[in-house]
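Take a look at the structure set out below.
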Amino acid sequence: MFQVVGTYLTIIGLTMLVLSPVVIVSLISLFHRYANWRRADLPRQGILDRLGSGPRPKLVLIHAPGGYGKSIVAKQWVESLTKQKAKTAWLAIDSDDNNAVWFLTHLIKAVRRPLPDLADTLQQEFEGHLENPQKYVLYALLHGLHSDKQTLALVIDDWHRVDNSETMDALAYLIENGCHHLHLVVTSRTRDGLPLDALAAQGELTEIDESLLKFDVDESRALLVKRRGLKLTPANVAELEGSTGGRAAALQLASLSLRDQANPAALIENLSGRHDAHEAIDDYLASKVLNSLEPDLLDFLLSTCITKQICSGLATALTNNKDSQSRLEDIEKRNLFLRRTDAEGSWFQYHDLFAEYLLRRLERDAKDRIPGLHRKAAQWFTDHQMLSQAVDHLILAGDARQAVDAVEQAAQDLHEQNQMHMLIGLAAKLPAEYADARPRLQADLAWANVALSRLAPVTDALRLADAAIDSVPTEQAGDLRAEIDLVRAVVAAFQDRVDPSADAAVQACVDRADTLRPWILCRAADLGSFCALRASDFDEALRWQKWAGPFHQRTSGALSVTYGHCLAAIAANEQLDVAGAEAHLRQGIRIGLLPSGRPTYVAKLAGSLLGQLLYERGQLDEAEALLDDAYELGAEGGLVDIMFATFGTGARLKFARGDKTAADRRIAEGLEIATAAQLPRLEARLLYEQVRLAAMSTEEIDEGLAQRVLGQGAQALDGIGDDTAELREDSRIRLLLNDGSPSALSAACERARAQLGHVDQDKRPRAHLGATLQLALCLAAAGDTDEAQRVLAPALKTCAALGFSRSLIDEGPQMLRLAQDTAAALEFSSADPTSKSVQDFVSKIAARNMAVA
């Protein structure tokens, strides 16, 4: 680490970390030329040399109390880099960033201007991970910069506004895991909330504090006398520098106050004795500046200081001045602490201290105007779909009930666009005494938290909705009650349970189809399909999605519609309508794509099921890409039927690629999710996959795994829960096959025959196909080849017709030999052309598998 003794040349030194020597020389020249308050300091070659010879830091921290020009330094650097075509981004922190979701939202927005493609990726990760999107977005930022060899200079301004641990952790992650492709410059009034000790020990920290930021007497003289042309004696300058502490903002105020003073010494003398009263000095100087302005300009400043940022349209709404753009530009030219905050120059921001003074002046002189100004701002932000800012100003105007109304009205669109974090973030702004009493809003928050798998907040929201439901008119209360009951049943479905009241909840929504919101009816249909799937009534599951079709057309978002396609595809697949299942899934994916072509969260869910289908047909490349995308969702991977594909089929695919380590890891992670979320059906499927992969790899089956399988206990095959019981039985059969002793093989055949006898072929054709293949394998292993061929023959025809090559390959060499013998024994005739197609199908599989081996 090296010590820095200057301010603005510090910034020049930073550019040496990312720019060429020619660019650096150009920047030095540019710094020499600036003369107004936004470019106010003197370059010093010694400091530049020291900066250029030092190590490359991960973090430059510019910290000092307010008024020392921290943001000005950072802004000047960004402007200089931008002129040199460097990639820079600016993230201005405000109180909203104490919610990590808003921090991510603002970070993505900041990255979008210099790197729009990367921002699309970050947005995809943000929308694609309903739970803990922070780690995915930040990883994608670092990985994207590194893989594309892009260097981004990111300024995070006013970090002292953050005291939330999640947001602090986000910046710490960027600092600790970033490489030379990301340069962070943080401005703050303190050193808090940053991993500084570790950085300093690694030589990865450069600090610029108030001792370096403040102007000394010589620099103050250069600014006030040489640059601003003020008639000041050396004693005047020394006294002014001492009174202001060399703070940039105070010197700027002083220069404006002294500009038209016939006797500047008198004003400077009034500051004497106030060395420790910075706020008093600032107020005194600011008062002098504002009192000298034309009344209409002062009124414009006071009217536009209530918002964090200002543009011409917003200024017009606040002031009724149609010429607001030129007025803003004039304020900027007059050095009245207004700077541009975007590349286009359409948004402006007052310096924090100046804005604070303007607000105090407004409260003193025209307090009764403030609520009206906030209402005007809220209306403008509402009209421009900037809901977060609109809610802020409604609350500041004292219109908390209207703020709740605004969030309630936006909730439906936010749900349909899968912006659950946004809805929860907006609701967090609202005063609890108003938000808690709104059952409609609480029901919407319950839906949002269901999607995020946050069960405790769901329970809290439903409790508040129940408590306040009597406050709504009777005709609305019935609809709301039906919706609340539906939420509870949907929570059970995500826990892979069928709630006893699910049928009644769905029917209540059907009865109110004329008054409920379309996406609620889509959710009711999805619940109906889920219950039907668990009862193996696949026709009923498809009927529910057909019923929901008209409501899908009235729903603008992708979440409910794509989920409906997923459920329909599961039902069609269970009926061996593979073409129908694929059509549903490809349509669901199309609906769930972002404009950039990247998949959203729900598109990845559909992609997982499609990946499973393609894998079964041997289309491994496309299947792997889809299953890998879904695997990134982790515990957010949707219903258990979808996680079957992501973790179970995904593990099979990795094993087929020869990567057993990845296969084992995928199963292990899925089992962790199953245990944590108490999903016995998922656990049973993944234990089966674990046993099968161990046997296929000729490894010894771990005693602990065998005990876990055998210790699951028997379960009656009685309809609901059959999948879990059958999967557990499949695992026991696999253990018996692996044992290989005559008694074990005999027991395997007996249990496999009983398993097949339980499955109704007409009702559950896919399950019947799987049970048939299992029995044939057991018979072949036991040496009963003739019976094995007899059992396998019809299943082989089905596999050939559907292209299910992996159904045979995944059972190992013994199944392939049995398939070849069975196909060879089939008699070909013109009346039964399927025999020939089966023979061709098996021959191709055998040849391909031999080539791979």
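The values are calculated or read from the model by the stated rules, or taken from the named source; none is laboratory data. Everything quoted here is computed from the prediction, not taken from an experiment. Reconstructed Cβ throughout: ideal geometry from the backbone, glycine too, with neighbour counts over all protein chains shown. The protein model used for the area step is the full one, side chains on, heavy atoms only, and it has no ligands, DNA or RNA in it. Shrake-Rupley method; radii C 1.70, N 1.55, O 1.52, S 1.80 Å.
Condition (residue is in contact with a strand residue (DSSP E or B) (Cβ under 9 Å, 6 or more places away or on another chain) and open to solvent by less than 10 Å² (accessible area, probe 1.4 Å)) applied to the stretch 210-217: is it met by at least one residue? Yes, because at least one residue in the stretch 210-217 is in contact with a strand residue (DSSP E or B) (Cβ under 9 Å, 6 or more places away or on another chain) and open to solvent by less than 10 Å² (accessible area, probe 1.4 Å). Take the residues in the stretch 340-373 that are assigned to a strand (DSSP E or B) and open to solvent by 40 Å² or more (accessible area, probe 1.4 Å); name whichever of them is nearest to residue 253 (Cα to Cα). Within the stretch 340-373, the match that is nearest to residue 253 (Cα to Cα) is 340.
I'd like the residue in the stretch 520-556 that is among the acidic types (Asp, Glu) and part of a helix (DSSP H, G or I) and, out of all such residues, is surrounded by the fewest Cβ atoms within 10 Å (Cβ to Cβ). In this case the residue turns out to be 539. Scan the stretch 127-140 for residues that are in contact (Cβ under 8 Å) with a residue 60 or more places away in the chain and either of a type in the set (A, V, I, L, M, F, W, C) or open to solvent by 50 Å² or more (accessible area, probe 1.4 Å) (or both) and jot them down. Passing the criteria: 130, 131. Quickly run through the stretch 71-99 and pick out the residues that are under 18 Å from residue 190 (Cβ atoms), at pLDDT 80 or above and out of contact with any helix residue (DSSP H, G or I) (no Cβ under 7 Å at 6 or more places or on another chain). The answer is 71, 92.
The residues on offer are 378, 317, and the sole one that is under 29 Å from the mean Cα position of the chain (by Cα) and at pLDDT 95 or above is 378.
Scanning the stretch 613-649 for residues that are over 19 Å from residue 680 (Cα atoms) and within 24 Å of the chain's Cα centre (by Cα) turns up 624, 625, 626, 627, 628, 629, 630, 631, 632, 633.
For every residue, the table says whether it meets (1) assigned to a helix (DSSP H, G or I); (2) closer than 24 Å to residue 771 by Cβ; (3) at pLDDT 95 or above; (4) open to solvent by 50 Å² or more (accessible area, probe 1.4 Å).
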| residue | (1), (2), (3), (4) |
| --- | --- |
| 652 | yes, yes, yes, no |
| 658 | no, no, no, yes |
| 667 | yes, yes, yes, no |
| 692 | yes, yes, no, no |
| 700 | no, no, no, yes |
| 708 | yes, yes, no, yes |
| 714 | no, yes, no, yes |
| 730 | yes, yes, no, no |
| 734 | yes, yes, no, no |
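Counting just the residues of the stretch 482-509 that are in a helix (DSSP H, G or I) and open to solvent by 40 Å² or more (accessible area, probe 1.4 Å), which one comes out nearest to residue 723 (Cα to Cα)? So, considering only residues that are in a helix (DSSP H, G or I) and open to solvent by 40 Å² or more (accessible area, probe 1.4 Å), the one nearest to residue 723 (Cα to Cα) is 494. For the stretch 613-650, the tally of residues that are polar (S, T, N, Q), touching a residue at least 12 places away in the same chain (Cβ under 8 Å) and open to solvent by 30 Å² or more (accessible area, probe 1.4 Å) stands at 0.
Residue count for the stretch 588-612 under the criterion of being of a type in the set (Lys, Arg) and open to solvent by 10 Å² or more (accessible area, probe 1.4 Å): the result is 2. For residue 391, the conditions (1) open to solvent by 40 Å² or more (accessible area, probe 1.4 Å); (2) at negative phi are fulfilled apart from (1). Inside the stretch 238-253, can you point out the residues that are more than 21 Å from residue 350 (Cα to Cα) and either crowded, with 23+ Cβ neighbours inside 10 Å or touching a His at 6+ places or on another chain (Cβ under 9 Å) (or both)? Those that are more than 21 Å from residue 350 (Cα to Cα) and either crowded, with 23+ Cβ neighbours inside 10 Å or touching a His at 6+ places or on another chain (Cβ under 9 Å) (or both): 240, 241, 242, 243, 245.
Residues are listed down the side, and each one gets a yes or a no for (1) among the β-branched types (Val, Ile, Thr); (2) crowded, with 21+ Cβ neighbours inside 10 Å; (3) modelled with pLDDT of 95 or more:
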position	(1), (2), (3)
773	no, yes, yes
776	no, yes, yes
814	no, no, no
826	no, no, no
834	yes, no, no
840	no, no, no
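Beta carbons closer than 9 Å, at least 6 apart along the sequence or on distinct chains, pair a first residue in the stretch 780-793 that is buried (at least 21 other Cβ atoms within 10 Å of the Cβ) with a second that is of a type in the set (Val, Ile, Thr) for 788/822; 789/822; 791/772; 792/772; 792/822.
Could you please let me know if residue 417 is closer than 30 Å to residue 480 by Cα, surrounded by fewer than 19 Cβ atoms within 10 Å (Cβ to Cβ) and modelled with pLDDT of 95 or more? So residue 417 fails the test. What about residue 222, is it modelled with pLDDT of 80 or more and open to solvent by less than 50 Å² (accessible area, probe 1.4 Å)? Criteria not met by residue 222. If you go through the stretch 203-214 and keep only what is touching a residue at least 60 places away in the same chain (Cβ under 8 Å) and of a type outside the set (Lys, Arg), you end up with 203, 204, 205, 206, 207, 208, 209, 210, 212, 213. You will find that of 444, 479, 460, 466, the residue that is open to solvent by 50 Å² or more (accessible area, probe 1.4 Å) and either part of a helix (DSSP H, G or I) or polar (S, T, N, Q) (or both) is 460 and no other. The one condition from (1) in contact (Cβ under 8 Å) with a residue 40 or more places away in the chain; (2) in contact with a Leu (Cβ under 6 Å, 6 or more places away or on another chain) that residue 737 does not meet is (2).
Search the stretch 578-613 for residues being at pLDDT 90 or above and in contact with a Ser or Thr (Cβ under 6 Å, 6 or more places away or on another chain), and hand back the single one that is farthest from residue 564 (Cα to Cα). Among residues in the stretch 578-613 that are at pLDDT 90 or above and in contact with a Ser or Thr (Cβ under 6 Å, 6 or more places away or on another chain), the one farthest from residue 564 (Cα to Cα) is 612. Here the condition is being acidic (Asp, Glu) and under 27 Å from residue 617 (Cβ atoms); of 723, 739, 702, it holds for 723 alone. Across the stretch 183-191, not a single residue is classified as within 26 Å of residue 352 (Cβ to Cβ), surrounded by 19 or more Cβ atoms within 10 Å (Cβ to Cβ) and basic (Lys, Arg).
All of 322, 376 fail the test of being open to solvent by 10 Å² or more (accessible area, probe 1.4 Å) and in a loop (DSSP other than H, G, I, E, B), apart from 322. In the stretch 141-168, the residue that is surrounded by the most Cβ atoms within 10 Å (Cβ to Cβ) out of those that are among the polar types (S, T, N, Q) and assigned to a helix (DSSP H, G or I) is 167.
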